Amino acid sequence: MSTRTAIVATVVLPAERSRLEAAGQGCFVPLHRDSIEDAALAVRSGAARAVFLSVHRCDEADLPRVARFVREFPDIPAVALISRVDVAAPDRVLRLGASGVRVVVDLSVIGGFQRLRDLLREPPSPAAAMILAALDDDLADAPPDCRAFFELVVRRSTERVTVTELARDLRLVPSTFMARFWRAGLPSPKTYVAHVRLLHAAWLLRNQGYSLADVAHRLEYSSPQGFGRHLRVLLGLTAGEFRRRMPFDVALTRFRTTLVTPYRERLLAFHPLGTMPGDHGRTAA
């Protein structure tokens, strides 16, 4: 589980802001915004990982905006908050539910803030979980260190990670690390990283609210143009074609059929972290 503090965009009453700030210490940091649109901008920029909406703050005019947010960002939690006794709250909760909000937390009862904290304890990336689950059958009998390599790549590839950094994480000399793939007749670790990054891009693009530039920013490409060049080199597609023709399920199937299953027999005997025949490299200090 990640230990990073989650940043949450809030659209709440002024009186609720300080309570959220106090309750979130060590778990989440509220990023207060004045409208649903501003909260969506915080999500789109990658600053916020969830949105809190006060049922006492949202009125009838906000409901279409909430529905649009939920539709455009299905993977971003939208949480309705109740903080006081309010005769209008039940109706507003129902209306928010009809707009797509599926989680309601009552902060006026004992345990309410704890439930909110529990919701915001950041789980592993859903994309990473789905990728690793899809690889379970392919790597079922692979050595533990082979599986550990794939897990590390899947989890680290949401950022700009180099093979040198991967080797450091695994306490290996980079040249030794890369040589093991070459000797085993496998694609290079750089190839695996590059293609897994595209899986994360395809996952993010499931959210209609993210533009291609937003995804490039979230995955720490140097620029949207750099993201586009990456796609052309690896897939021969423009960014727009990638979005239309390579949804996540298709991208994941392609990854498995081109970089995993054809090499399955080699992977079942591959020890990227251990000494292989002819390999006398030492671990990194």
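The values are calculated or read from the model by the stated rules, or taken from the named source; none is laboratory data. What you see is a predicted model; the values in this text were computed from it and never measured. In this analysis, Cβ positions are derived from the backbone assuming ideal geometry, glycine residues included, and neighbour counts consider all displayed protein chains.
Scanning the range 150-159 turns up one or more residues that are farther than 27 Å from CYS27 by Cα and either surrounded by 18 or more Cβ atoms within 10 Å (Cβ to Cβ) or not assigned by TED's automatic domain parsing to the domain that holds VAL215 (or both). Looking at the structure I just gave you, is LEU198 farther than 25 Å from ARG68 by Cα, touching a Leu at 6+ places or on another chain (Cβ under 8 Å), surrounded by 19 or more Cβ atoms within 10 Å (Cβ to Cβ) and at pLDDT below 90? No, not satisfied.
Residue-by-condition table, conditions (1) in the same structural domain as LEU186 (by TED's automatic domain parsing); (2) farther than 30 Å from THR257 by Cα; (3) not basic (Lys, Arg):
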site: ASP59; (1), (2), (3): no, yes, yes
site: ARG71; (1), (2), (3): no, yes, no
site: VAL79; (1), (2), (3): no, yes, yes
site: ALA88; (1), (2), (3): no, yes, yes
site: LEU96; (1), (2), (3): no, yes, yes
site: SER99; (1), (2), (3): no, yes, yes
site: VAL104; (1), (2), (3): no, yes, yes
site: LEU107; (1), (2), (3): no, yes, yes
site: LEU139; (1), (2), (3): yes, no, yes
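Checked against (1) surrounded by 13 or more Cβ atoms within 10 Å (Cβ to Cβ); (2) part of a helix (DSSP H, G or I); (3) at pLDDT 85 or above; (4) not hydroxyl-bearing (Ser, Thr, Tyr), LEU81 passes all but condition (2). In the range 243-251, is there at least one residue being in contact with a Phe, Trp or Tyr (Cβ under 8 Å, 6 or more places away or on another chain), in contact (Cβ under 8 Å) with a residue 40 or more places away in the chain and not acidic (Asp, Glu)? Yes: one or more hits.
SER175 meets the conditions (1) farther than 25 Å from ALA129 by Cβ; (2) surrounded by 13 or more Cβ atoms within 10 Å (Cβ to Cβ) in every case but one. The failed one is (2). Restricting attention to the range 3-44, the residues being surrounded by 17 or more Cβ atoms within 10 Å (Cβ to Cβ) and assigned to a loop (DSSP other than H, G, I, E, B) number 4. Taking each residue of the range 28-53 that is in the same structural domain as TYR221 (by TED's automatic domain parsing) and looking for partners that are part of a strand (DSSP E or B) and surrounded by fewer than 18 Cβ atoms within 10 Å (Cβ to Cβ) with beta-carbon atoms closer than 7 Å, six or more apart or interchain, yields nothing. Can you tell me which residues in the range 45-78 are within 12 Å of ILE7 (Cβ to Cβ) and assigned to a strand (DSSP E or B)? Hits for the range 45-78 are ALA50, VAL51, PHE52.
Tell me, which residue of the range 49-71 that is at pLDDT 85 or above and under 16 Å from the mean Cα position of the chain (by Cα) is farthest from PRO14 (Cα to Cα)? Walk me through it before giving the result.
Filtering the range 49-71 down to residues at pLDDT 85 or above leaves 50-71.
Keeping just the survivors that are under 16 Å from the mean Cα position of the chain (by Cα) gives 50-51.
Numbers: ALA50: 19, VAL51: 16 Å.
Result: ALA50.
Annotation: ARG117 fulfils all but one of (1) out of contact with any Cys (no Cβ under 6 Å at 6 or more places or on another chain); (2) in a helix (DSSP H, G or I); (3) surrounded by 14 or more Cβ atoms within 10 Å (Cβ to Cβ); (4) at pLDDT below 90; the unmet one is (1).
To keep it simple, each residue is scored yes or no on (1) in a helix (DSSP H, G or I); (2) among the aromatic types (Phe, Trp, Tyr); (3) at pLDDT 95 or above; (4) exposed (fewer than 13 other Cβ atoms within 10 Å of the Cβ).
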| residue | (1), (2), (3), (4) |
| --- | --- |
| GLY209 | no, no, no, no |
| VAL215 | yes, no, no, no |
| HIS230 | yes, no, no, no |
| ARG254 | yes, no, yes, no |
| THR257 | yes, no, yes, yes |
| LEU273 | no, no, no, no |
| GLY278 | no, no, no, yes |
| ALA284 | no, no, no, no |
